[in-house]
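A.B. asks: Can you keep this structure in mind? I'll have questions shortly.
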Amino acid sequence: MIFDRNENKQVIALLGAGSMGAAIVRRIAPGKKILLGDISEKNLEKVAHDFQYSGYDVETMIVNALEKDSVEAFANKAASLGDVMYFIDTAGASPNQAAPEHILNLDMVGTGYAVDAFGKVMAKGGAGLLISSQTGYMYPIPYEVENEILNTPTEKLMDLPFIKEVAMQNSGFAYMIAKRINHLQAMRAAATSWKERRARINTISPGVIVTPLAYDEFAAAGEGYQQMVDASAAERCGTSDEIADAGAFLLGEHAGFITGTDLLIDGGVIASIRTGNYQLPVQ
Ligand SMILES: NC(=O)c1ccc[n+]([C@@H]2O[C@H](COP(=O)([O-])OP(=O)(O)OC[C@H]3O[C@@H](n4cnc5c(N)ncnc54)[C@H](O)[C@@H]3O)[C@@H](O)[C@H]2O)c1
């Protein structure tokens, strides 16, 4: 059986073959070559199987987002398959899944490795999307510290006093700060390495989206989490498909003037916090 005789397809690389990543890729997948990277063989097999039996052209690769060499090998593999037009990074761990150091190494440094590596292989006109979080709006980082972060190479982020003294306090701080830093990572890349390749890069900051990760958060944070969702304008959690709708827009040609910015998609949670309708529990 030959379902598709086209050659030289545009490449979509997804790092983190989880719920949100799979939904985003599916929106833009027809006629493209998909490369899935994940540390979990089980997740890779599941998503690749679904894609393959839905008519998509897919390959997989074990990638550890914590390791620079592994991420660079993933970017090079993507480039070997054709023009890398799309890169999506959803590899992450949430506060109740890991210790602060792991969260910072994965959600902050690992994302930095990926942005740096794909900043060397993106095709002209390509687009990238990092999945941050609404929590990136919950802990304001002082302006001068953000400037320092913007000027710090990925390998040195963990050495910054702010990271050692503030972000390492607990997993909640680590996650909020890592996710804000994702916005800065997209901002910096959009103005430097990705700009040089004529590629765009943005972040989406989702609110509570029902995925295995959200099940873990609900199980651990329970009542507080429920109250936060109940206080929001939407009064419900979101779905991966809603993130995928926005992701497809940001990755697509209608977003050609959008780069280096973030789109908050949280059903109104941050609005409810900023207006005092919901108060975050003291960390
Ligand atoms: N679900 C939510 O409510 C929510 C809200 C805001 C932000 N996010 C963020 O969205 C992203 C995607 O989350 P999701 O809900 O789709 O979760 P998910 O658990 O379905 O997907 C995450 C994927 O990352 C992979 N991964 C973990 N460590 C890795 C590593 N070292 N190397 C490579 N891959 C690794 C996992 O195996 C998994 O497939 C995460 O960054 C998360 O922090 C999630």
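A.B. asks: I need the full set of residues from the stretch 4-63 which are in a helix (DSSP H, G or I) and free of Cβ contacts under 8 Å to residues at least 60 places away in the same chain, in order please.
C.D. replies: Glu41, Lys42, Asn43, Leu44, Glu45, Lys46, Val47, Ala48, His49, Asp50, Phe51, Gln52 - these are the residues of the stretch 4-63 that are in a helix (DSSP H, G or I) and free of Cβ contacts under 8 Å to residues at least 60 places away in the same chain.
A.B. asks: Any chance the stretch 252-272 includes a residue that's part of a helix (DSSP H, G or I), surrounded by 13 or more Cβ atoms within 10 Å (Cβ to Cβ) and β-branched (Val, Ile, Thr)?
C.D. replies: yes
A.B. asks: I'm checking my understanding of the structure. Among residues of the stretch 178-207 that are β-branched (Val, Ile, Thr) and within 14 Å of the chain's Cα centre (by Cα), which one is farthest from Lys124 (Cα to Cα)?
C.D. replies: Taking the candidates together, the pick is Ile181.
A.B. asks: Looking only at the stretch 136-143, decide whether some residue is of a type in the set (Gly, Ala, Ser), farther than 26 Å from Asp245 by Cβ, buried (at least 19 other Cβ atoms within 10 Å of the Cβ) and within 13 Å of the ligand (Cβ to nearest atom).
C.D. replies: Looking through the stretch 136-143, none of the residues is of a type in the set (Gly, Ala, Ser), farther than 26 Å from Asp245 by Cβ, buried (at least 19 other Cβ atoms within 10 Å of the Cβ) and within 13 Å of the ligand (Cβ to nearest atom).
A.B. asks: Restricting the search to the stretch 249-283, which residues are out of contact with any strand residue (DSSP E or B) (no Cβ under 8 Å at 6 or more places or on another chain) and closer than 18 Å to Ala186 by Cβ?
C.D. replies: Phe249, Phe257, listed by residue number.
A.B. asks: Can you pull out the helices (runs of 4 or more DSSP H) entirely within the stretch 128-221 that have at least 1 residues that are touching a Gly at 6+ places or on another chain (Cβ under 6 Å)?
C.D. replies: Where helices (runs of 4 or more DSSP H) fall fully within the stretch 128-221 and carry at least 1 residues being touching a Gly at 6+ places or on another chain (Cβ under 6 Å), they are 171-191, 193-196.
A.B. asks: Name the residue, out of Leu44, Leu35, that is over 23 Å from Gly252 (Cβ atoms), within 16 Å of the ligand (Cβ to nearest atom) and within 18 Å of the chain's Cα centre (by Cα).
C.D. replies: Leu44
A.B. asks: Quick check on Val115: is it buried (at least 21 other Cβ atoms within 10 Å of the Cβ), more than 8 Å from the ligand (Cβ to nearest atom) and within 22 Å of Ala244 (Cα to Cα)?
C.D. replies: yes
Throughout, read-outs are computed from the coordinates displayed, never taken from laboratory work. The structure displayed is predicted, hence computed values, not measured ones. Cβ coordinates were reconstructed from backbone atoms using ideal geometry, including for glycine residues, and neighbour counts include every protein chain displayed.
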